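Colleague: Supplied in structure tokens, the structure appears directly below.
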There are 2 protein chains.
Amino acid sequence: MFDTVLIAGLGLMGGSMAKTIKARTLSRVLGWNRTRATAEQALADGSIDAIATEALYKEADLVIIGLYPQATVDWLLENMPKMKKGCVIVDMVGVKQFMVDHLEQAALDAGVHYVGGHPMAGREFSGLDYSLPTLFDGASMIFVPTKSSTERVLEQLEAYFMSLGFGQTVRCTAQQHDHMIAFTSQLAHVVSSAYIKSPEADKHNGYSAGSYKDLTRVAKLNETMWSELFLCNAEPLAQEIDEVIKHLDEYRKAIRAGDREELTILLRNGRERKERLG
Amino acid sequence: MFDTVLIAGLGLMGGSMAKTIKARTLSRVLGWNRTRATAEQALADGSIDAIATEALYKEADLVIIGLYPQATVDWLLENMPKMKKGCVIVDMVGVKQFMVDHLEQAALDAGVHYVGGHPMAGREFSGLDYSLPTLFDGASMIFVPTKSSTERVLEQLEAYFMSLGFGQTVRCTAQQHDHMIAFTSQLAHVVSSAYIKSPEADKHNGYSAGSYKDLTRVAKLNETMWSELFLCNAEPLAQEIDEVIKHLDEYRKAIRAGDREELTILLRNGRERKERLG
């Protein structure tokens, strides 16, 4: 379907995408990385078929970007004009309104199809060394259509990504994506990072089990990437923090008031929501 | 070491303790449960050797209680006088100052050794049906000495619990325990329960991965038990909620101010704490 795929950025996400495409499709994979040694490593270990020079960009039918938000915008604004007319471009940045705002018109101008993308998978590690051909197995792949994309392109992408091992594809607007991600992913990282800051954490050994481990796991994050993602989605995320603080305050008030009935209701509502929503 | 063990309360914790002792030691296990049908079920499936009548209480060398906080206090105040002088009593309630305040003097009066206990293991289910002989494998067992316990009793308990498969035993004061548990366990349940209340949770399907799952897992809790535990440890828990709200507000301010440098520092500090503390 996509004979030649160009992947720009061969870190955890781009590297995993390259390995997945090599393992599960017949597509030829071209790889580009700012630090050339990483591209050479990817070539040596078979993650890609060739290192992409600018002259090769126009051979790509599908371009997948695995860079940080601003770097993705910068790279695409510079390189879109060098690409084949009608090719399909998907980024993998965890915020979407910011990307669409910067790329939609440029894609129209360059005669390429830009679709926002976000694979719902990751690891607490960065870089090609940690990339896996199985990282996306069963995961959800989100696509955000833009004015530069067509129904046919979206259907091609959905079929191709399902063939890579994704468990489902979801279409939504950039705004829907950013509000949901503020809650399901960004807030989780903020809460985890805030949680670990209690002075009690210094001596938790011997006093902790699964719940502490779960609540603090994603505090181990890449702060350079996440601070950029958070600020690209500042208001939706700040509103989710407002929301969780508001609810925490309800529990705190009931606890300080010794109000068993109210506290039981608050906890029951939470349990019932979790059971209903999964 | 403890020839006969009496277990009062055959739910998830008491049932698991009975099954573990039967599987790993030669101790005879007597079981008591308020609803007699549960004790009969435990007898039928081999979790206990006999149902404990009051006449049998005095045969127990070790008494382990698997009841809720107030129920544990009530049961022990009523039944301690019927027990063998010099026997050892351990409860499994997740708060300790409340227990010691109510039981220490009564144990001295009855001539028995009361030690506060808290096995750091659990499941998101309740009842004998979910109890497991492996629930405590590798877990930490916390002991809180009281004026009624001796060094020899504590050493016996530590050796016996290690023989059950616990990974370590920890000794601390009731106050140390309650402050740590407010953070490692109780706060995790409050945060998880508050987290799931965002309106965005209603439509998270397709937009969530591991971090959402981790942050909301323990929202599925037994609100009758946890509301009682929270109110038995109200001020330490309320202070931990104060603490996490204070930190959440720091992230929120940096995000609303668009302050990339401050946000990066906040996230880096969290990552470094997680890496250092585990």
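Colleague: What's the average, rounded to a whole number, of partner chain beta-carbon atoms within 10 Å of each residue's beta-carbon in B:223-230? Please report the intermediate quantities before stating the final value.
Modeller: Values: counts 10, 4, 1, 4, 12, 3, 0, 8.
Per-residue shielding by partner chains comes out at 5.
Colleague: Along the three principal axes, how long is the range A:175-218 when you take its alpha carbons, biggest first, rounded to the nearest angstrom?
Modeller: 43, 19, 9
Colleague: Let me ask something else about it. In the range B:122-241, what is the volume of the convex hull around the alpha carbon atoms, normalised per residue and reported in Å³?
Modeller: Values: hull volume 17.8 nm³, N = 120.
Dividing the Cα hull volume of the range B:122-241 by its residues yields 149 Å³.
Colleague: Can you check what the Kirkwood hydrodynamic radius comes to for the range A:177-277, Cα pairs only, in Å to one decimal?
Modeller: Values: mean 1/r = 0.0646 Å⁻¹.
One over the average 1/r among Cα pairs gives 15.5 Å for the range A:177-277.
Colleague: Around B:Phe183, under 9 Å between beta carbons, what's the net of Lys plus Arg minus Asp minus Glu among the other residues? Working shown, then result.
Modeller: On the way: positive: none; negative: A:Glu200, B:Glu240, B:Glu243.
Within the 9 Å Cβ shell, the charges total -3.
Colleague: Further question on the same structure: Output wanted: per-residue J couplings in Hz (rounded whole) for the range A:15-29, from phi through Karplus 6.51 cos²θ - 1.76 cosθ + 1.60, θ = phi - 60°, x for Gly and Pro.
Modeller: x, 5, 5, 4, 5, 5, 5, 4, 6, 10, 9, 9, 4, 7, 10
Colleague: Next question. Lysines near A:Lys253 by alpha-carbon distance under 17 Å, same-chain residues fewer than 8 away left out - which ones?
Modeller: Partners found: B:Lys197, B:Lys246.
Colleague: With N denoting the number of residues in chain A, provide Rg(C-alpha) divided by 2.2 N^0.38 Å, to two decimal places.
Modeller: Numbers: Rg = 21.2 Å, N = 278, 2.2 N^0.38 = 18.7 Å.
Dividing the Cα Rg of chain A by 2.2 N^0.38 Å gives 1.14.
Colleague: Separation of the range B:61-90 and the range B:133-152 by C-alpha centroid, Å?
Modeller: 15 Å
Colleague: Where a Cα-Cα gap under 23 Å defines reach, which lysines qualify for A:Lys58, not counting those fewer than 8 residues away within the same chain?
Modeller: List returned: A:Lys19, A:Lys22, A:Lys82, A:Lys84, A:Lys85, A:Lys147.
Colleague: Shifting gears a bit: Viscosity 0.890 mPa s, temperature 25 °C: Stokes-Einstein D of the protein assembly as shown from its Kirkwood Cα radius, in µm² per second? List each step's numbers first, then the result.
Modeller: Details: Rh = 26.0 Å.
Using the Kirkwood radius from Cα pairs, D works out to 94 µm²/s.
Colleague: Let me ask you something else. Of the DSSP beta bridges with both residues in chain B, give the percent that are antiparallel, rounding to the nearest 5.
Modeller: Working: 4 of 26 bridges.
Antiparallel: roughly 15 percent of the beta bridges in chain B.
Colleague: Which distances, in nm and shortest first, link the A:Asp109 label point to the same label point in every other copy, taking 7 Å along Cα→Cβ?
Modeller: Once sorted, the set of distances for A:Asp109 reads 8.6 nm.
Colleague: Just to confirm the numbers: B:Gly258, label point 7 angstrom along the Cα-Cβ line, distances to the other copies in nm, shortest first?
Modeller: In ascending order, 5.0 nm.
Colleague: Under the definition of partner shielding as Cβ atoms of other protein chains within 10 Å of a residue Cβ, what is the mean value for peptide A:170-179? List each step's numbers first, then the result.
Modeller: Numbers: counts 3, 1, 3, 0, 0, 0, 3, 1, 0, 5.
Mean inter-chain Cβ contacts per residue within 10 Å come to 2.
Colleague: If each residue's Cβ is checked for other Cβ atoms within 10 Å, how do B:Met162, B:Met80 rank with the fewest at the top? It would help to have the intermediate numbers written out before the result.
Modeller: Values: B:Met162 13, B:Met80 20.
Least to most surrounded, the residues fall as B:Met162, B:Met80.
Colleague: Could you give the distance between the Cα centres of the range B:184-249 and the range A:180-253, to the whole Å?
Modeller: Cα centroid of the range B:184-249 versus Cα centroid of the range A:180-253: 11 Å apart.
Colleague: What number, rounded to the nearest 500 deg cm²/dmol, is the helix-based mean residue ellipticity at 222 nm of the protein assembly as shown, given -39500 (n - 2.57) per DSSP H run of at least four residues and division by all its residues?
Modeller: Using -39500 (n - 2.57) per qualifying helix, the result is -15000 deg cm²/dmol.
Colleague: Here's something else I'd like to know. Output the Kirkwood hydrodynamic radius of the range A:1-131, Cα pairs only, in Å rounded to one decimal.
Modeller: On the way: mean 1/r = 0.0690 Å⁻¹.
After inverting the pairwise mean of 1/r, the radius is 14.5 Å.
Colleague: Just to confirm the filter: which trypsin sites (Lys or Arg not before Pro) across the range B:70-117 are DSSP coil and have at most 12 other Cβ within 10 angstrom of their Cβ? Could the numbers behind the result be given before it?
Modeller: On the way: sites: B:Lys82, B:Lys84, B:Lys85, B:Lys96; in loops: B:Lys84, B:Lys85, B:Lys96.
For trypsin sites (Lys or Arg not before Pro) across the range B:70-117 that sit outside H, G, I, E and B with at most 12 neighbouring Cβ atoms in 10 Å, the list reads B:Lys85.
Values quoted throughout were computed directly from the atomic coordinates according to the rules given, and no laboratory measurement underlies them. None of the values given here were measured: they were computed from a predicted structure. All Cβ positions, glycine included, derive from the backbone under ideal geometry; neighbour counts span all protein chains shown.
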